[in-house]
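The values are calculated or read from the model by the stated rules, or taken from the named source; none is laboratory data. Note that the structure is a prediction, hence the values are computed from the model and not measured. We place every Cβ from the backbone using ideal geometry, glycine too, and count neighbours over all the protein chains shown.
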Amino acid sequence: MSDPTPAAAAPAPDRFAQFAAAIVDAANGRVTPVGALPGELAFDVEADVIVEVCAALRDDPRLRFEVLTDLSGIDYLTYGRDEWNTHDATGTGFSRGVAGRYRAEAPPADAPAATTPERRFAVVYHLLSIEANRRVRLRAYCAPGEPPMIDSVVDVWSGANWFEREVFDLFGVLFRGHPDLRRILTDYGFIGHPFRKDFPLIGHVEVRYDPEKRRVVYEPVSIEARVLVPRVIRDDHRYEAALSARSAPAAPPAPGKPNG
């Protein structure tokens, strides 16, 4: 009598999906999954619950996101728009330096909702769970208005202190509850926030040492903005067929025939 056919092995549980479900459960459904690369976890979080959600992900025994590896800001001012008002040019490279009349007047119809002023600034949190060997990315949009503002997570991860100071310095985002929110990269008297997309590339002021005053002085920028434009190839006489043939090198002699 032949042996019975072995039963098919049960499929292995999807541990990645289980971990993602545990994150949603720990946050009490206050996170929304967003698109990410394969193997990555990313969620949107409302700004008013960012501290509670972060604390829950840190303390949940299934997750243990005890390390904040990075915290950064994003300015979505021109997200989804190209600076060349044409479909024939790339949205990167030289076209990024074009301004004024070449800039698109309005975002395309399929641009994401993040281009609206109410969702201009966002803060991104990169978390690491050493115990589970997993990473997750959270994004929270700042409340609308100027200046943009969001609650600090220093009480959840003390390492967020300098990260939040950097985002404040470069993007102008205020972190409510931060113990020492001041600039960390730019000068004390610096005006503006360099990473905002409406900040001029040449800045507002320039610094030099005045030998008469014997001190460093700040003055309005004296250089003009440099606009980079792609090289344009024109169809003129340089590309005529006759000229090209005349400038072409002579063909080598056929094998076996002497020159002359």
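So the values come out like this:
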quantity	calculated
Matching residues, segment 153-165, being surrounded by fewer than 21 Cβ atoms within 10 Å (Cβ to Cβ) and touching a residue at least 40 places away in the same chain (Cβ under 8 Å)	Asp155, Trp157, Gly159
Members of segment 171-210 that are exposed (fewer than 15 other Cβ atoms within 10 Å of the Cβ) and charged (D, E, K, R)	Arg176, Asp180, Arg182, Asp187, Lys197, Asp198, Glu206, Arg208, Asp210
Residues within segment 133-151 that are more than 16 Å from Ala42 (Cα to Cα) and either β-branched (Val, Ile, Thr) or in contact (Cβ under 8 Å) with a residue 60 or more places away in the chain (or both), tallied	4
Odd one out for Tyr79 among (1) hydroxyl-bearing (Ser, Thr, Tyr); (2) surrounded by 15 or more Cβ atoms within 10 Å (Cβ to Cβ); (3) modelled with pLDDT of 95 or more	(3)
Members of segment 52-66 that are in a helix (DSSP H, G or I) and of a type in the set (Asp, Glu)	Glu52, Asp59
In segment 18-35, the residues that are more than 18 Å from Leu71 (Cβ to Cβ), in a loop (DSSP other than H, G, I, E, B) and in contact (Cβ under 8 Å) with a residue 40 or more places away in the chain	none
Residue check for Val49: part of a helix (DSSP H, G or I), modelled with pLDDT of 85 or more and in contact with a Lys or Arg (Cβ under 6 Å, 6 or more places away or on another chain)	yes
Hey, Ile184 of a type outside the set (Gly, Ala, Ser) and either closer than 30 Å to Tyr125 by Cβ or assigned to a strand (DSSP E or B) (or both) or not	yes
